[in-house]
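Notes to accompany the following structure.
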């Protein structure tokens, strides 16, 4: 008899909770939009600012310079934003030594992913010895677009990474955005390889310019697609907490 | 199991494709047989009986001693015309003023003609055209594909024969076409289309000094600037104006330097379209300019016409030959330009006409003898027309003899008869040209469209068959026999109608009709079948449908990404750059597909690599694995998948090191493995390479034998096992010996040369014989199963139900019995795998069959191993490494396929043998990739001709055997992958054994369901087995057929492309022959599997009476 009056109350609670969740999500999406906009702006700035400041700078001509500036800019902005937002999983122990191991582990992961990308790119047909520095720079760029964001959002946790890239693995909208941006930058790089064999002899067909541009464009597209897609599907997206 | 309908259906699909290819090619490829005879001055004009005439084939007094021939590539007729009316000329107009100036000022010395080329209007074909006087076609069936040099009689050859010194400068195509035939040659590279000036400036450096000197009789200068300018900027561009002005200057300067005995010919080899391209048959492409000039009078004054008639390009050949006093090239079908022979004073008309008639007479004679020779060699010219032409010629010849045979002449009657004779000759020559043109030099758009339609419909049919194999498999009568009969009736009807109305049968149209009607009938029946299927409630169909529904489509079957990748693959055939880079494109797509599979599985949550720590999130786990044993087997499977993916991608990278190089690929070095060992100077390196090849051949043999031993196929004494045990190593040994002999330097052996020669014949022949024997033995008795009978009384094991049915017919008995035997078999099978007869199961098996689990794949693998060795022998020794890589890579793909299948469809796979698209696509891409990695390229010069005489003496080999060997060599990758195609179906079942064995051991021995049944599953579902085979064959054919269709469409759409005869058409030929070889081999592979199946049935039939007694 006592349980009867509680039932509507209970469902009411659920309704509130759902509503809270939705509003939470809206706030989070807004945060994501601004974060992604800042990252995209950093890429645009990395292209414009050196063109103004440096004398003979062009994206095609001095491609490596652009590549380094872009990589550095995106990396710095990413790290800064995600530190400020505090997206990464809370550390169990907040000691200095723990932080140091985490950072060093992240660096190790990053280096490893650069080498892995380099290997994959070579296996896909990039020249092995000549223009190895260009290939490696491209690998670093790809790692910045994918691995670095994984590190920022998930921390150096391989299992969590594997989890994120499965259909039901996303646990927050940041995970979903990670899925989208990673996939879009990798697909962009893959598509960027298509013009390489053509005999048009354009300046952007030189290895690895079309691939880096493809990856960058894919990344930027992913940055814009992610919040839109999440907003569109916000009703369907339910995340289970850990 | 339905064997005949499955094979018949696949064969029918293949035939549809063949008909489509044939119809298309007959409209696209212009085929002509080359006649390798050359004319000489001593050829007699009259038959030998007429000894009264001693006229010769050449004129004793040539009109000109010397000639300067300026070829301006792509000089369209509009470029050469000068029209003062035009107020505001475009960039290409009114720039060559010199031509019309000279024509106006000296009408008896110069004339400008429109000069019509025959398609294909590409430079190389055109050079062939106006030097041989023939219509060069794409496939000039000649003695040797390997060289580009012109084999037919031609002007350059005749000039050289008659002691003329030919100086050539310009486009280096000439140097390839006429190697070592010039007195002096200054070739410049023609390939760099962007470069407007190198060739022209190179010519100009030498042209004037050469013309002024006296060390020449004929100067040929081929300018490329105008053509390159058109390709780069199009005709309406300032650069074209500059170029044409430069050419104007050149012609002026040359005219100034000419002497009286010299003829100047300025010609364009073809025109260009408004975009600057050429190659096709539009008027802008075919109409070039021809300008003739000489300081001495060329034409009779006062005969110039206002509008010049169009001169066909090949007419230049007899004209030049007669003007220079050399024999007309043997294969010429052009007609002399008579107005050039009407020389002398206008009053003496009879002398003029006599000259003209004589020129035409010589010309007609040569054409007639050419037609005689050609019609002997090839029958593609209609005999009716040929007979008519012959009659015309004989009449004209009689008239000529009557008029000029006797010395007296004169009178108006005589003159009119001569004029009539001239007209007859001209008419004759025109008719000959038209006949030949219709046969050799015209695309047939209707045939091309019809061919494409048949091919597209065949592709659709193939796709339907593969995707609805259960529907098709359930109703062969409606979907196979009725369409075939309809098609046969329609084709026969068309043929009969043609025979009745025109009394000759056009095979092509009746075949095309048959194909189209049978396809339509198939689609019609299929649609009706699908529509009625829902209502009919046919029990067997319903069963299939239910099974399909229960088996919710596995994660990888529906091709989203594989479809995209396949689409990209087909689209890549439409770009010349991609066709050039095809080897790399195939590798790129294949590794993309390989990497996509684990990513996709991970996305679907099926890749259980690191999940065991995360058991708390059950949503990520597939519902199936509950026991730790199953989970660990999943983990193992995932690791296998990842390992195989890594290995596959790495081996794809390694396979690049065997690629050859096309001409179009700049900065490419052909693989060092492609040079045969005998070509290596360094002895150390040679020995090392030989050892490498030998060790990989040993690894090849050992791997195959080890696999068979592992699955218990090496135990019995059946002949097939003997082949595996002794035949395979023996073949490998002979191959090694052959390589050793062929790579040894000849001089090293001294007296033993005869022995070496003999060995070079004996060893390959031994390999062929052993291979033939091995295959025959495997076909005769393909079972590699070792049977061990126990002493225990068999009857006691049979359940009472069997006893009750003893009175029933043998058929019913068998149906009851076979499952029971299986139960025994299943139990004993695992013991057989372990080869431990001592370790028994709990039950008391009566029969132990070793190697029954791989009863289908073992013979297939054996045949493949033998075939691979034979194919490797036909290649340079170094490529054995590539073959080894092929084997490993195929293994990796098979393992990936089976791991992915078992990961994506958890639970029992009993009864579902469908092979997913991605596996078939990977198989097809791997076939393409290894075509390149065995050092082949889709170009004719790159065919490995050395393989034609492996084991054959070059003297009396005939044509068939060398052609077969070259085909085997060229398409070895397609052959291996197509024959091994059924392995895709068998492998997941073979791989089942390891994991099921483990699972079973932990779950307890009692469960029959968990036992490894392996390929016996196929025996249990004979209908599904045949359906699965049909589906697999249809899918594999679809992959290749769609590529063929893409290639055909590319050739048809881009038939005016600059590179059509260099890239697309050869690619099409290779793709088509590759498809033919593939389809035949798919059929052979399927037939072999079915042969095994029938042998297995017989075996069971024999077995059961033994034990029921």
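Limited to the stretch B:171-223, what total is found for residues that are within 14 Å of another protein chain (Cβ to nearest Cβ) and surrounded by fewer than 15 Cβ atoms within 10 Å (Cβ to Cβ)? Lay out the reasoning, then the answer.
Initial filter on the stretch B:171-223 (within 14 Å of another protein chain (Cβ to nearest Cβ)): B:191-195.
Of the ones still in play, those that are also surrounded by fewer than 15 Cβ atoms within 10 Å (Cβ to Cβ) are B:191-192, B:194.
Total meeting the criteria: 3.
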Problem - Filter result (crowded, with 18+ Cβ neighbours inside 10 Å and assigned to a helix (DSSP H, G or I)) within the stretch B:362-388 - result: B:362, B:363, B:364, B:365, B:366, B:367, B:368, B:370, B:371, B:374
Practice task
For the stretch A:200-212, name all the residues that are part of a helix (DSSP H, G or I), touching a residue at least 40 places away in the same chain (Cβ under 8 Å) and within 25 Å of residue B:582 (Cβ to Cβ).
Solution key: A:204, A:209, A:211
Exercise for the section: For the stretch B:589-598, indicate whether the set of residues that are out of contact with any strand residue (DSSP E or B) (no Cβ under 9 Å at 6 or more places or on another chain), farther than 17 Å from residue B:937 by Cα, buried (at least 19 other Cβ atoms within 10 Å of the Cβ) and at the interface with chain A (Cβ under 7 Å from one of its Cβ atoms) is non-empty. Expected result: yes
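Residue B:707: touching a residue at least 24 places away in the same chain (Cβ under 8 Å) and either more than 26 Å from residue B:586 (Cα to Cα) or surrounded by fewer than 17 Cβ atoms within 10 Å (Cβ to Cβ) (or both), yes or no?
It is true that residue B:707 is touching a residue at least 24 places away in the same chain (Cβ under 8 Å) and either more than 26 Å from residue B:586 (Cα to Cα) or surrounded by fewer than 17 Cβ atoms within 10 Å (Cβ to Cβ) (or both).
Check the stretch B:418-429 and report whether any residue there is in a loop (DSSP other than H, G, I, E, B) and within 43 Å of the chain's Cα centre (by Cα).
No: the stretch B:418-429 contains no residue that is in a loop (DSSP other than H, G, I, E, B) and within 43 Å of the chain's Cα centre (by Cα).
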Exercise for the section: Filter the stretch B:771-790 down to the residues that are in contact (Cβ under 8 Å) with a residue 60 or more places away in the chain and in a helix (DSSP H, G or I), then identify the one that is nearest to residue B:713 (Cα to Cα). Expected result: B:778
Handout entry: Residue that is buried (at least 23 other Cβ atoms within 10 Å of the Cβ), touching a residue at least 24 places away in the same chain (Cβ under 8 Å) and not in a helix (DSSP H, G or I), where the choices are B:320, B:263, B:244
Key = B:263
Exercise for the section: Tell me, please, whether a residue that is over 30 Å from the mean Cα position of the chain (by Cα), crowded, with 16+ Cβ neighbours inside 10 Å, facing chain A (nearest Cβ under 9 Å) and modelled with pLDDT under 85 can be found in the stretch B:627-637. Expected result: no
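Condition check ((1) surrounded by fewer than 19 Cβ atoms within 10 Å (Cβ to Cβ); (2) touching a residue at least 12 places away in the same chain (Cβ under 8 Å)) across all residues:
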{"site": "B:437", "(1), (2)": "yes, yes"}
{"site": "B:451", "(1), (2)": "no, yes"}
{"site": "B:463", "(1), (2)": "yes, yes"}
{"site": "B:466", "(1), (2)": "no, yes"}
{"site": "B:469", "(1), (2)": "no, yes"}
{"site": "B:472", "(1), (2)": "no, yes"}
{"site": "B:487", "(1), (2)": "no, yes"}
{"site": "B:503", "(1), (2)": "yes, no"}
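Among the listed residues A:126, A:139, which satisfies the condition of being buried (at least 21 other Cβ atoms within 10 Å of the Cβ), touching a residue at least 24 places away in the same chain (Cβ under 8 Å) and away from every other protein chain (no Cβ under 14 Å)?
The match here is A:139.
Have a look at B:648, B:601, B:621, B:608 and point out the one that is within 25 Å of residue A:194 (Cβ to Cβ), within 12 Å of chain A (Cβ to nearest Cβ) and either modelled with pLDDT of 90 or more or buried (at least 17 other Cβ atoms within 10 Å of the Cβ) (or both). Quick ask: steps written out before the conclusion?
Details: B:601 fails: within 25 Å of residue A:194 (Cβ to Cβ); B:621 fails: within 25 Å of residue A:194 (Cβ to Cβ); B:608 fails: within 25 Å of residue A:194 (Cβ to Cβ).
Exactly one residue qualifies, and that residue is B:648.
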Practice task
Can you give me the number of residues within the stretch A:154-199 that are within 11 Å of another protein chain (Cβ to nearest Cβ), within 18 Å of residue A:109 (Cβ to Cβ) and outside any helix (DSSP H, G or I)?
Solution key: 2
Handout entry: Those residues of the stretch B:562-588 which are touching a residue at least 60 places away in the same chain (Cβ under 8 Å), away from every other protein chain (no Cβ under 11 Å) and surrounded by fewer than 19 Cβ atoms within 10 Å (Cβ to Cβ), in sequence order
Key = B:563, B:570, B:574
Exercise for the section: For the stretch B:92-100, state whether one or more residues are more than 17 Å from residue B:238 (Cα to Cα) and free of Cβ contacts under 8 Å to residues at least 60 places away in the same chain. Expected result: yes
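In a helix (DSSP H, G or I) and under 21 Å from the mean Cα position of the chain (by Cα): which single residue out of B:919, B:865, B:899, B:872 fits that description?
On the way: B:919 fails: under 21 Å from the mean Cα position of the chain (by Cα); B:865 fails: under 21 Å from the mean Cα position of the chain (by Cα); B:899 fails: under 21 Å from the mean Cα position of the chain (by Cα).
Result: B:872 is the single residue among B:919, B:865, B:899, B:872 that is in a helix (DSSP H, G or I) and under 21 Å from the mean Cα position of the chain (by Cα).
Among the residues that make up the stretch A:49-56, is at least one of them in contact with a helix residue (DSSP H, G or I) (Cβ under 6 Å, 6 or more places away or on another chain) and either surrounded by fewer than 17 Cβ atoms within 10 Å (Cβ to Cβ) or assigned to a helix (DSSP H, G or I) (or both)? Step through it out loud before you land on a result.
Step one: filter the stretch A:49-56 for residues in contact with a helix residue (DSSP H, G or I) (Cβ under 6 Å, 6 or more places away or on another chain), giving A:50.
With the extra rule that they be either surrounded by fewer than 17 Cβ atoms within 10 Å (Cβ to Cβ) or assigned to a helix (DSSP H, G or I) (or both), the set shrinks to A:50.
Yes, that holds for at least one residue.
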Handout entry: Counted residues, the stretch B:281-300 - those being out of contact with any strand residue (DSSP E or B) (no Cβ under 7 Å at 6 or more places or on another chain) and crowded, with 20+ Cβ neighbours inside 10 Å
Key = 1
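The values are calculated or read from the model by the stated rules, or taken from the named source; none is laboratory data. Remember, predicted model here, so these are calculated numbers, not experimental data. We place every Cβ from the backbone using ideal geometry, glycine too, and count neighbours over all the protein chains shown.
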